[in-house]
Amino acid sequence: MPDLTSSQWALAVLASLGVGISKAGFPGLALLHIMIFAFLFGARDSTGIVLPMLIVGDLGAIGGFYRHTRWDQLRRTLPAACVGVVLGTLLMRHLSDTAFAPVLGWIILSLVLLHTFGTQPFSDVAKKAAVPLGMLAGVTTMLANAGGPVLTLYLLGMKVPKLELTATIAWFFFALNLFKVPFSVGLGLITPGTLALNAVLVPGIAIGLLFGRWLIQRVPQKLFNQLLLAFAAVAAFRLIGVF
């Protein structure tokens, strides 16, 4: 179990709430727990701490939204994402996440701008890019648990409604995060100590899930889409290093 101060514990609990809320339909909020855990434990080591928490959040989201899952979108993106996890593991051995972050940021920002201002309907672009975007989601989720904005932009481009989007993202990352576990263990990122910390923070994830499920039922579809695009843009600027 990591030795944390009171203020650090408070940040960790806040991050666990963010995990739950993001898994309940607001994936852009993943930036919150990514930043906090990277601050507390370092960018690389934090990926192993966060991974089991994400799996718990995925299970909660599946339980709440599984009836809305778009299996056709999973078939298009998930196999490529598994390939991306393998590529991300290889990159993790040779490339620092700080070197990769700006590249990812510019990719996400380009997708946001294309979705918002492109003359060609983004649904046409997304339909043709399901495999590369799925692979990119796999690479980024392995390197920094930051694949959410990539898949979110793809599903928004495919005009997937908010509840279907939430359920599909939950299944996608549940399968992908389970697939990542052996790789993270092999890299020494998941240990008995990190699992003990995860167990302490599970109640925060549960509370975040409940709040997120309450909130998503009350947010109109248009506002929901705008929020996800805004969250993705903020995540991109953070990865680029604007703030």
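Where a number appears in this text, it was derived from the coordinates with a stated rule and is not lab data. Owing to the predicted nature of the structure, the values given are computational and were not obtained by experimental measurement. FYI the Cβ positions are ideal-geometry reconstructions off the backbone, even for glycines, and counts take in every protein chain you see.
Quick notes on this one:
- Top of 163, 223, 178 by mean-square fluctuation, Gaussian network on the chain, Cα under 10 Å: 223
- A protection proxy built from the mean count of other Cβ atoms within 10 Å ranks the segments 225-234, 143-152, most packed first, as 143-152, 225-234.
- DSSP-loop trypsin sites (Lys or Arg not before Pro) across region 153-210, with at most 15 other Cβ within 10 angstrom: 159
- Over region 1-81: Rg over Rh, Cα atoms, Kirkwood Rh: 1.05
- Relative protection proxy for 133-142, 166-175, 197-206, 63-72, from highest mean packing down: 133-142, 166-175, 197-206, 63-72 (other beta-carbon atoms within 10 angstrom).
- Dipole magnitude (debye, nearest 20) for region 6-240, charges at Cβ of Lys, Arg, Asp, Glu: 460
- Sorted on the mean count of surrounding Cβ atoms within 10 Å across their residues, most packed first, peptides 29-35, 17-23, 83-89 read 17-23, 29-35, 83-89.
- Label-to-label distance, residue 196 versus residue 131, with points set 7 angstrom from Cα along the beta-carbon direction: 4.7 nm.
- Length-normalised contact order of the chain in % [C-alpha pairs under 8 Å, at least 6 apart]: 40
- Farthest toward positive dipole pole in the chain [+1 Lys/Arg, -1 Asp/Glu at C-beta], among 36, 92, 77: 77
- Helical segments meeting 15 Å axial Cα length and Kyte-Doolittle 0.0 threshold in the chain (DSSP H): 6-23, 30-41, 43-65, 71-94, 97-117, 130-144, 162-186, 192-216, 221-240
- For a paramagnetic label modelled on residue 175 (point 7 Å from Cα along Cα→Cβ), amide N atoms under 12 Å away belong, within region 57-78, to 70-78.
- Once the Kirkwood radius over Cα pairs is known for the chain, the Stokes-Einstein relation at 20 °C and 1.002 mPa s delivers a diffusion coefficient of 122 µm²/s.
- Cα→Cβ-extended label distance, 7 Å offset, between residue 240 and residue 227, nm: 2.5
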